[in-house]
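To keep things clear, I will list the structure first and then write my remarks on it.
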Amino acid sequence: MSTATEASATAVVGGEQLARTGVQVRGASGLPAKITARSWLIADCESGEVLAAFNAHRRLPPASTLKMLFADTVLKKFDRTERYTVQDSDVSDVPLGSSLVGIKPGLSYTVEQLWQGVFLRSGNDAVHVLSHMNGGIAKTVAEMQAKAEDLQALDTHVVSPDGFDHPGQISSAYDLSLFARHGLKDADFRGYCGTRTADFPAGGKKTFQIQNTDRLLTGAWGLKTYDGLIGVKNGYTSNAGNTFTGAATRDGRTLLVTVMHPAEGNNAVYEQTAALLDWGFGHGRTARAVGTLVDPLSEGGASASPAPGGKGAQAAAGAPGPEGG
């Protein structure tokens, strides 16, 4: 019994096969040939079984997909109907070049509207307002890091709550998939990430419409909407490139895909996500698990160790660059 416990506690998180480099797949063929992402993963959202992956634990800048961890950490702290009047200090520390929803100091917003700003427009201004409501940026970052450790997202190092480029801020396709899977169990998280448009306060009785920047959800920029898509979060900075975690449901099955840093720009991150989802709902039905998305420690998950390279291994994020959905 003691030996078994020690073995489970020292196993690589997600399984030994996911710690390997290169494509990992068993029992299925037909993986899309033109996947240029530096890292990707596809999993069954309910069971947590990883159907296929490529460099699943490679540590890369996450851009705004890190906002999923922010939501996992802060979302349940405030009632969605609560109102908050924004102060200048709440948005004075938003990094230059950030994606913004257009929050104005002096205006009052509901918590629901702030989260719409986070999920639909990837608004760093909304993230910073919610972070200050939560006790400040430093407190929120510390709580996010603790949440990542509870989720056993051991490749993740949090520097800012918004995902903006900072040296040392990293995650992985495996960890982003953990954040999404955990978040999608919450009705509010699921609702926000699947919202296509919303009316946002502009002052007085005026509003303006905001649209979700997830192109597979809205069909923007020449893409078709993906049948069955339910979310979750995209991101882009000039340093990190494009990142995206998407989930879709067909015939009662929900699949989760994370794609990080395709070689091409523009729509590639969405096209490659869609191709992997298509594979999962087709050829991937015969795939045997190459690993698993583990359960949080607080929910009884067995303790695991980081993939080789060490939890503290951090890729320098380089100079900050413009960010957007």
Requested in this report: May I ask you to give the average projected area over all directions of the convex hull of the Cα atoms of the chain, in nm² rounded to one decimal?
Outcome: 16.3
Query - Peptides 211-220, 96-105, 197-206 ordered by average Cβ neighbours within 10 Å, highest first - result: 211-220, 96-105, 197-206
**Report entry** Qualifying trypsin sites (Lys or Arg not before Pro) for the range 12-69 [loop in DSSP, other Cβ within 10 Å: at most 13]
**Finding:** 26, 34
Requested in this report: Could you quote the convex hull projected area for the range 78-215, Cα atoms only and averaged over all directions, in nm²?
Outcome: 8.5
**Report entry** Net charge over other residues, Cβ less than 11 angstrom from the Cβ of residue 79 (K, R count +1; D, E count -1)
**Finding:** +1
Report task. Calculate, in nm to one decimal, what residue 33 and residue 49 gain on full extension: separation in residues at 0.36 nm each, minus their alpha carbon distance. Result -> 3.5 nm
Report task. Give me the number: length gained by fully extending residue 187 to residue 17, i.e. 0.36 nm times residue separation minus the C-alpha to C-alpha distance, one decimal in nm. Result -> 58.0 nm
Query raised in the report: Out of 298, 160, 172, any idea which swings most in a Gaussian network model of the chain, alpha carbons joined below 10 Å?
Result: 298
Report task. Per DSSP H run of at least 4 residues, take -39500 (n - 2.57); add these up for the chain, divide by its residues and hand me the 222 nm value, nearest 500 deg cm²/dmol. Result -> -8500 deg cm²/dmol
Query raised in the report: Say we join alpha carbon atoms closer than 10 Å with springs in a Gaussian network model of the chain; which of 138, 43, 148 then has the biggest fluctuation?
Result: 138
Query - Table column - 3J(HN,Hα) (Hz), the range 147-154, Karplus curve with 6.51, -1.76, 1.60, x for Gly and Pro - result: 5, 4, 5, 5, 6, 6, 8, 8
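A short reminder: the numbers here are calculations on the coordinates, not readings from a lab. Worth saying up front: this structure is predicted, and the values here are computed from it rather than measured. For neighbour counting, all protein chains shown are included, and Cβ atoms are generated from backbone atoms with ideal geometry for every residue, glycine included.
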